[in-house]
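The values are calculated or read from the model by the stated rules, or taken from the named source; none is laboratory data. As the structure is a computational prediction, the values presented were derived from the model and not from experiment. FYI the Cβ positions are ideal-geometry reconstructions off the backbone, even for glycines, and counts take in every protein chain you see. Protein only, heavy atoms only, side chains kept; ligands, DNA and RNA dropped before computing areas. Shrake-Rupley method; radii C 1.70, N 1.55, O 1.52, S 1.80 Å.
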Amino acid sequence: MPSKQLKQRAANAFQDVCGYPATTFVQAPGRVNLIGEHTDYNDGFVMPCAIDYQAVIACAKRDDGVIRLISVDYDHVQDSFVVNQEIKPTEDKLWANYMRGVIHFLKEKGYSLGGADIAITGNVPLGSGLSSSAALEVVTGQAMKVLYELDVTQSDLALIGQASEHNFAGCKCGIMDQMISACGEKSHALLLDCRSLESKAVHIPESVSIMIVNSHVTHSLVDGAYNALREQCEEASRLLGKVALRDATLAELDASSIEKGSDVYKRAHHVISENERTVACADALIAGDLQKVGEYMYASHASMRDDFEITVPEIDYIVEVLAEALGNKGGARMTGGGFGGCCVALMPTEMVPQVQAAIEAKYQAKTGIKESIYICTPQNGAGVI
Ligand code: GLA
C-alpha cells in the first residue's frame, strides 16, 4: 500500500474515532540492512537503507493533557494515559509500549509536551527483520516533534526510540534501525558509524535493484535470544580488554585467552570480520563493483550462519537459491536480527525477473511456505506527509 493510501486510512480512522479531522500526518519507514549485522551494539558499522514500507500517524493536539493512541490495524484498539503523570509500560497492549516509551523519554529529556489524539497504521511486515518496531518508535517521536514544535534532532529521536525499545519493550537493540528510520536518504544507503553516529550516504543507482525476500518464518527479538547474543559480545570485548568489539582485530582475538571455537570466540569472530566487510562493501558499492559487493554479502551470510548462528534453514535456502540465480553478478544475505525474517539481494536491475522466478519456483516447493518478494528503492527517513 503506497503511503498516500496509508495516510488516507489513518485519516479516516482518526475521523471515525475522534469525530474531528486530524491536523498532522507523519511517517517513519522500515529499513533493510544491506550489510553489517549485529555490529551496531558493538560500536561498529552498518549499511542500511530506509524502504517504501512505513508507519504512518494521523494526529492532532488535545488541550486536556491526555494522550490517546488508536491502533488502526487492530480494530481501533485504544490506549490512553495522561502526559504529565508517570508513564509506564502496559501489560496487555504491547504495541502501545513502544509509543509510551517514546513519550516517556521525550519528557525525561526535558521536552515539553501536551496531549494528543494519535491514530497509527502501517505496512512494515511485523517480526520480519524490517524494523517495524523502530518505525513505530520513530513515527511517534516525529508526531510529537511536529505537533509540539520540539527542537529535537533526528538523531536524538532515534536515541529516544532506542531507549523506549530497551526499557519499554525489553530488547537491548543497537541504534541502526532507529537511525535509518529517522535519517534515511532517498536513493542512498547510509554507512553509519554506530559509535559516533556519523554517516556517509552511499548512492544506489537505478541500475542496481534491492530485492527483499520474506521467508515468513517469524521471530521475536523480545524473547531473549538477541539480548543473550549481545551479552556474549560484551563478554568477548571484556576478555579482549576493549571498550567494544569495534576496537578489536582478528589477530588480537586469535592471540587472546578466548578459546578458539567457543561460542564467545565465534560471536567475536563474526562481529570483527563483519565490521571489516561492511566498510569494504561500502567502498565497493561506491566504486560500482557489484561483484565485490556480492562477495562481501555472501561472506556476511556465511558468518551469520556459522559464527553468529542466527540463520534458520529456510533463510539459508533462500540465500542459496539467490546465489545460484545471481552468480557473481550480485550478492545476497539474511538481513536483520535473525532467526527467520528476510533476505536481501543486490543485483543488476535487468536480472530481477529471473531471480524472482527462481525463488518463486523453489522456495515454497522446498519449505511449504509461500514467500513474499519486495523490490525496494531507498527512501527518506521520517517526516511530515
Ligand atoms: C535488530 C536490532 C538492531 C541490530 C540488528 C542486527 O534489528 O534492532 O539494533 O542489532 O538486529 O544487526
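Under the criterion of Cα pairs below 8 Å and six or more residues apart, the relative contact order for the chain equals 23 percent.
Computed per residue of the chain from DSSP H runs no shorter than four, each worth -39500 (n - 2.57), the mean residue ellipticity at 222 nm is -13500 deg cm²/dmol.
A simple count of charges around Tyr20, restricted to other residues whose Cβ falls under 11 Å of its Cβ and scoring Lys, Arg +1 and Asp, Glu -1, yields -1. Cα-based values for the chain, radius of gyration first and Dmax second, are 20.7, 67 Å. The protection proxy used here, the mean number of other Cβ atoms lying within 10 Å of each residue, ranks peptides 349-359, 243-253, 136-146, 53-63 as follows, highest first: 136-146, 53-63, 243-253, 349-359.
Between helix 225-239 and the chain there is an angle of about 60 degrees, using the helix long axis and the longest principal axis of the Cα atoms. Modelled this way, with points 7 Å down the Cα-to-C-beta line, the labels at Ala302 and Glu231 are 3.2 nm from one another. In region 262-370, Cα pairs under 8 Å separated by at least six residues give a relative contact order of 23 percent.
Per-residue extension of 0.36 nm, minus the Cα-Cα distance of Thr218 and Arg238, leaves a gain of 4.0 nm for this segment. Under 20 Å from a label point set 7 Å out along the Cα-to-Cβ vector of Gln15, the amide N atoms of region 64-106 belong to 70-77. Computed from Cα positions, the angle between helix 154-164 and the longest principal axis of the chain comes to roughly 90 degrees.
In the full protein context, the chain carries 39 Å² of accessible surface per residue, based on a 1.4 Å probe and ignoring ligands, DNA and RNA.
Once each part is reduced to its C-alpha centroid, what is the distance from region 272-292 to region 351-385 in angstrom? Computed from Cα coordinates, the inter-centre distance equals 23 Å. Computed from point charges on the beta carbon alone (+1 for Lys and Arg, -1 for Asp and Glu), the dipole magnitude for the chain about its Cα centre is near 620 Debye.
Positive-end ranking of Ala119, Ser131, Ala158 along the dipole of region 3-200, with charges on Cβ about the Cα centre, is headed by Ala119. The gain in end-to-end length when the Ile373 to Asp289 segment is fully stretched comes to 27.8 nm, 0.36 nm per residue minus the alpha carbon separation. When the C-alpha to C-alpha distance is required to be over 20 Å, the pairs from Lys109/Lys200; Lys7/Lys370; Lys292/Lys366; Lys107/Lys145 that qualify are Lys109/Lys200; Lys7/Lys370; Lys292/Lys366. Thinking of region 3-200 as a set of Cα atoms, what percent of all their pairs are more than 31 Å apart? Summing the P(r) of region 3-200 above 31 Å gives 13 percent of all pairs. To put it simply, the accessible area of the chain at a 1.4 Å probe is 48 percent carbon and sulfur. Stretching Ser262 away from Ser187 to a fully extended chain increases their span by 22.9 nm, per 0.36 nm per residue minus the current alpha-carbon distance. Using the Cβ atoms and a cut-off under 11 Å, what net charge is assigned to the surroundings of Met144, where Lys and Arg are +1 and Asp and Glu are -1? Neighbour charge sum, excluding Met144 itself: +2.
Rounded to the nearest 10 degrees, the inclination of helix 263-286 to the longest alpha-carbon principal axis of the chain is 80 degrees. Count charges around Ala284 for me, please; just the other residues with Cβ under 13 Å from its Cβ, Lys/Arg as +1, Asp/Glu as -1. For residues surrounding Ala284, the net value is -2. Extending 7 Å from Cα along the Cβ direction at Glu276 and again at Ala255 yields two label points whose distance is 1.5 nm.
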